[in-house]
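Comments concern the structure below.
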Amino acid sequence: MNNAAPRPLDGITVVSFEHAIAAPFCTRQLADMGARVIKVERPGAGDFARNYDERVRGLSSHFVWTNRSKESLTLDLKHPAAQDVLQRLLTQADVLVQNLAPGAAARQGLSFDALHAAHPRLIVCDISGYGEGGPYQDKKAYDLLIQSESGFVSVTGSAEEPAKAGCSISDIAAAMYAYSGILNALLLRGKTGLGSRIDVSMLESMVEWMGFPMYYAFDGAPPPLRAGAAHATIYPYGPFPVGGGKTIMLGLQNEREWQVFCDKILGNPELAGDGRFSSNSRRTANREALRAIIVETFAHMSLGEVIDKLEAAQIANASVNDMAGVWAHPQLRARERWRGVDSAKGTLPALLPPASSNAFEPRMDAIPDIGQHTDAVLASLGFDAGQVSRLHAQGAV
């Protein structure tokens, strides 16, 4: 790939009033595709995700993940002198993204209705927990709370106890819909010449992803049972112990695979016709009996031996990696998926965006310090050195 090749969003300027994960992950992906992303942060404090932890050489793991390739501008929106900076920013912007507290953007004059007349080409993307309107409009929303409200927690975990996802899945869902929504809005602007508003709800993003369990429980039917890392309605599909204290993840999807599994892996082809296991629904209903047979067979084999047998039989399987295993994953290494990005703490590894293109290399620039680009951004907006000094002295930036 050619590093000098044009990227899809070259020339697009995004101004983002963002914190935590949903908006920052959306705008980082826009930056990956070439957009100039100006991240507006509170002077002295910045995005509160900067202080979630210090796991990456003193930097926050969440912040490192979601903020590369951005410019950090500190600006106190409540300061009168900041309004000139804001208006100049909006004049240059193609997209405004915000996930401030409910109603905060509107109070700052940053709603689509307030901006559209003066900036008709501006696309405004509002990300919130519950969306505009309805009784939950002003309710506080964090990732765990949306996982719960959307029903995700109710179908995740063991039979004894529900569990949340181990990553910020509600934030990620909203970020992905915001990202794709902005791309759609840019395409629409190319046809109409006008900007539009995108209203992204974390709740609705997650409920969309809950389609299978919702329809499974359609019209009052019982919901799928919580099954830990196993599948609630397909069996065998999930983790099984093997010799040496290791675990293999299996995934059988159809009757042909079941017959091959019985013959080539369990060494018992007659088991495929056993009335307890002769269909997926019967295997699911009798999963404890079948699990005992599989566990007994695997107990006499190492993880490598089980994987070799499954691969030879073309039965889907996976290793149960911890984070160290993912960092060292041979497939990611073989496909050269890691790049180095700069930061205040030196070069850090970063995964290339998953949707690779043969036409361009995604942008993988530095993770910004708070306010690192304030003076440069102000200069690009036409403020001279004296004006910049005064804005600093006034506490506006």
Suppose every Lys and Arg Cβ carries +1 and every Asp and Glu Cβ carries -1, with no other charges. What dipole size does the range 260-397 come out with about its Cα centre, to the nearest 20 debye?
300 debye
Rounded to whole Å², per residue accessible area for the range 1-158 with a 1.4 Å probe reads 42 Å²
If each K or R counts +1 and each D or E counts -1, the residues other than Gly267 whose Cβ falls under 15 Å of its Cβ total -4
If I histogram all Cα-Cα distances within the range 311-365 using bins 5 Å wide from 0, what percent of pairs lands in each bin?
4, 14, 19, 19, 19, 12, 7, 3, 2, 1
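Using a 1.4 Å probe, what is the accessible area per residue for the range 272-397, in Å²?
That works out to 57 Å² per residue.
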Calculated FRET value between Tyr216 and Asp384, using beta carbons and R₀ = 41 Å, to 0.05
0.05
The distance between the Cα centres of the range 328-369 and the range 141-171, in whole Å, is 29 Å
Going by alpha carbons, how many degrees (0 to 90, nearest 10) lie between the helix axis of 22-32 and the longest principal axis of the chain?
80 degrees
Semi-axes of the equivalent ellipsoid of the range 104-172: what are they in whole Å, largest first, if each equals the square root of 5 times a C-alpha gyration tensor eigenvalue?
35, 12, 8
Entries in Lys78/Lys139; Lys140/Lys345; Lys140/Lys164; Lys39/Lys139; Lys39/Lys140; Lys164/Lys246 that, when Cα-Cα distance is taken, lie over 28 Å:
Lys140/Lys345
Unit charges at the beta carbon, dipole of the chain: most positive-side option, Leu303, Gly251, Gly386
Gly386
Computed [θ] at 222 nm, helices only, for the chain once each DSSP H run of length n ≥ 4 contributes -39500 (n - 2.57):
-10000 deg cm²/dmol
Scan the range 288-397 for GluC sites (Glu not before Pro) in coil per DSSP, keeping those whose Cβ has at most 16 other Cβ atoms within 10 Å, and list them by number.
Glu336
Ignoring everything but the protein chains, give the 1.4 Å probe accessible area of Lys70 in square angstrom, nearest 10.
10 Å²
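Does the range 45-102 come out rounded, prolate or oblate by the C-alpha gyration tensor, with a ≥ b ≥ c the root eigenvalues, rounded set by a/c under 1.5 and, if not, prolate when a/b is larger than b/c and oblate if not?
Prolate shape, in that a/c is at least 1.5 and a/b is the bigger ratio.
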Pick out, in residue order, every one of the GluC sites (Glu not before Pro) in the range 129-197 that is DSSP loop and has at most 13 other C-beta atoms within 10 Å; say none if there are none.
Glu160
Computed over the chain, Kirkwood Rh from alpha-carbon pairs, angstrom
24.2 Å
Rounded tilt (10° steps) of 169-192 against the dominant C-alpha axis of the chain
60 degrees
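Please say if the range 248-388 is rounded, prolate or oblate, where rounded means a/c under 1.5 for a ≥ b ≥ c the square roots of the C-alpha gyration tensor eigenvalues, and otherwise the choice is prolate for a/b larger than b/c and oblate otherwise?
It is prolate, given that a/c is not under 1.5 and a/b is the larger ratio.
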Rh (Kirkwood; distinct C-alpha pairs) - the range 164-306, Å
18.7 Å
Can you give the relative contact order of the chain as a percent, counting alpha carbon pairs under 8 Å and 6+ residues apart?
20 percent
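Counting only protein heavy atoms and using a 1.4 Å probe, what share of the accessible area of the range 133-197 belongs to carbon plus sulfur, as a whole percent?
59 percent
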Efficiency by 1/(1 + (r/R0)^6): what FRET value for Thr13 and Ser279, r their Cβ-Cβ distance, R0 = 41 Å, to the nearest 0.05?
0.10
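Pulled fully out, how much extra length does the chain show between Leu351 and Asn286, if you take 0.36 nm times their separation in residues and subtract their Cα-Cα distance? Write out the running numbers ahead of the final one.
Values: separation 65, 0.36 × 65 = 23.40 nm, distance 4.16 nm.
Extra length from Leu351 to Asn286 when fully extended: 19.2 nm.
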Quick check: from the Cα gyration tensor, does the range 1-133 come out rounded (a/c under 1.5), prolate or oblate?
oblate
For the range 210-357, which whole percent of the accessible surface, found with a 1.4 angstrom probe, sits on carbon and sulfur atoms?
55 percent
Ranking Asp274, Asp171, Asp384, Asp308 from most to least accessible area with a 1.4 Å probe gives Asp308, Asp384, Asp274, Asp171
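The values are calculated or read from the model by the stated rules, or taken from the named source; none is laboratory data. Since the model is a prediction, treat every value here as computed from it, not as a measurement. So basically every Cβ, Gly included, is an ideal-geometry build from the backbone, and we count neighbours across all protein chains shown. The area values use the complete protein model at the heavy-atom level, side chains included, leaving out ligands, DNA and RNA. Shrake-Rupley method; radii C 1.70, N 1.55, O 1.52, S 1.80 Å.
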